[in-house]
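The values are calculated or read from the model by the stated rules, or taken from the named source; none is laboratory data. Note that the structure is a prediction, hence the values are computed from the model and not measured. Don't worry about glycine lacking a Cβ; one is built from the backbone with ideal geometry, like all the others, and counts go over all protein chains shown. Keep in mind that these areas ignore ligands, DNA and RNA; they rest on the heavy atoms of the full protein, side chains included. Shrake-Rupley method; radii C 1.70, N 1.55, O 1.52, S 1.80 Å.
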Amino acid sequence: MALARPVVFGNWKMNGSAADGEALCRALAAKAASGLEGTLGVFPPAVLLPRAGAWLDASPVLLGAQDCHGEAKGAFTGDLAAPMLVEAGAKAIIVGHSERRQYHDESDATVRGKAEAAIAAGAIAVICIGETEAEYVAGETLQRLEAQLAGSVPDLATAATVVVAYEPVWAIGTGRTPTNAEITAAHGFLREQLVARFADGADFRLLYGGSVKASNAQEILHLANVDGALVGGASLEADGFWTIYEAGLGG
Ligand code: PEP
């Protein structure tokens, strides 16, 4: 079964001391103590995963990891395998983030392998795709999304095992976002592609990511085919992140 809407995930990236992480997790756990209608998740740096699980305690806030290797084990110094992350408490793993694609030269095939590894380990693969600014300016957004979706999402994907995040590279951490019409067009296109390829394509959760914050969450999270948000910078502060989650409720 797909995750309950809205799905709001916080990608901490390479941020957060243990003290920061503890304060954030405990604050979110307190807000979620009476239950969650949707899905709220935090994705701390891997070294904090076991402690984050303890800080979240028995709250319904989902714990996830950022990135994994495509192999389940082996001679890959410095890398982390999906089964290790799951053992450390991760229920979902972000793969194909544009920062991985850009700074670690990850191809669609690499991302697909990582998604397969995450799913095989029992985690949900949160697969990120998105056009660069040059592609956006050239009007090539949909072609890029079509190629990345086809190349990065494995054939075995289902709505229960994969979440797709549309993150325009030029909107990440910049304060800039596409227009509502552009987000609607991109998500509608991705939905069509998923429905054409997967029996349960209509149920896949499609997240928008790129400069989502408390002040723009309400309008973005209620656009057609937007099931939630992948949030970077604004996920590092509990009240603002919770406001984003609440903005997605009801529809
Ligand atoms: C991200 O890194 O996935 C992201 C969307 O970042 P930000 O919200 O800071 O733009």
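The packing ranking of peptides 207-213, 42-48, highest mean first, is 207-213, 42-48, where packing means the average number of other beta carbon atoms within 10 angstrom of each residue.
Length, then width, then depth: along the principal axes, the Cα atoms of the chain run 45, 45, 33 Å.
Relative contact order of the range 92-193, please, whole-number percent, based on alpha carbon pairs below 8 angstrom and at least 6 residues apart.
Details: 129 pairs, mean separation 30.9, N = 102.
Once divided by the residue count of the range 92-193, the mean separation gives 30 percent.
Dividing the Cα radius of gyration of the range 94-141 by 2.2 N^0.38 Å, with N the residue count, gives 1.28.
Relative contact order for the chain using alpha-carbon pairs under 8 Å, separation at least 6, rounded to a whole percent?
It rounds to 21 percent for the chain.
Once a ≥ b ≥ c are taken as the square roots of the eigenvalues of the Cα gyration tensor of the range 131-251, is the result rounded (a/c under 1.5), prolate (a/b larger than b/c) or oblate (a/b not larger than b/c)? Oblate.
Kindly sort His187, His104 by accessible area of their heavy atoms, largest first, with the probe set to 1.4 Å.
So, going from the largest accessible area down, we get His104, His187.
Based on Cα contacts under 8 Å between residues 6+ apart, the range 1-110 shows a relative contact order of 23 percent.
Across the range 231-239, rounded Karplus estimates of 3J(HN,Hα) from the backbone phi angles (6.51 cos²θ - 1.76 cosθ + 1.60, θ = phi - 60°) give 10, x, x, 6, 8, 8, 10, 4, 5 Hz, Gly and Pro being marked x. Apolar share of the accessible surface for the range 129-251: 54 percent from carbon plus sulfur atoms, 1.4 Å probe.
Which order do Trp12, Trp55 take when ranked by solvent-accessible area (1.4 Å probe, heavy atoms of all protein chains), largest first?
Working: Trp12 5, Trp55 25 Å².
The residues order as Trp55, Trp12, largest area first.
For Val126, the residues 5 or more places off, or on other chains, whose built amide H falls under 5 Å of its own are Ile93, Ile94, Val95, Val163. Amide H contacts of His69 (H built 1.01 Å from N, in plane; Pro and chain starts excluded): Leu80, Ala81, Ala82 sit under 5 Å, all sequence-distant by 5 or more or on other chains.
Calculated translational diffusion coefficient of the range 26-70 (10 °C, 1.306 mPa s; Stokes-Einstein with Kirkwood radius over alpha-carbon pairs) equals 144 µm²/s. Ranked from largest, the principal axis spans of the Cα set of the range 51-95 equal 35, 18, 13 Å.
As a test of understanding, state the convex hull volume per residue of the range 117-201 from its alpha carbons, in Å³. Don't jump to the answer; show the numbers that get you there.
Details: hull volume 8.6 nm³, N = 85.
In the range 117-201, the Cα convex hull volume per residue is 101 Å³.
Rounded to two decimals, the Cα radius of gyration of the range 64-186 over 2.2 N^0.38 Å is 1.08.
Please list 59-65, 91-97 highest first by mean number of surrounding beta-carbon atoms within 10 Å per residue. Intermediate values should be presented prior to the final figure.
Details: 59-65: 22.0, 91-97: 26.1.
Packing proxy ranking, top to bottom: 91-97, 59-65.
For the range 1-103, the carbon plus sulfur part of the accessible surface works out to 56%, probe radius 1.4 Å.
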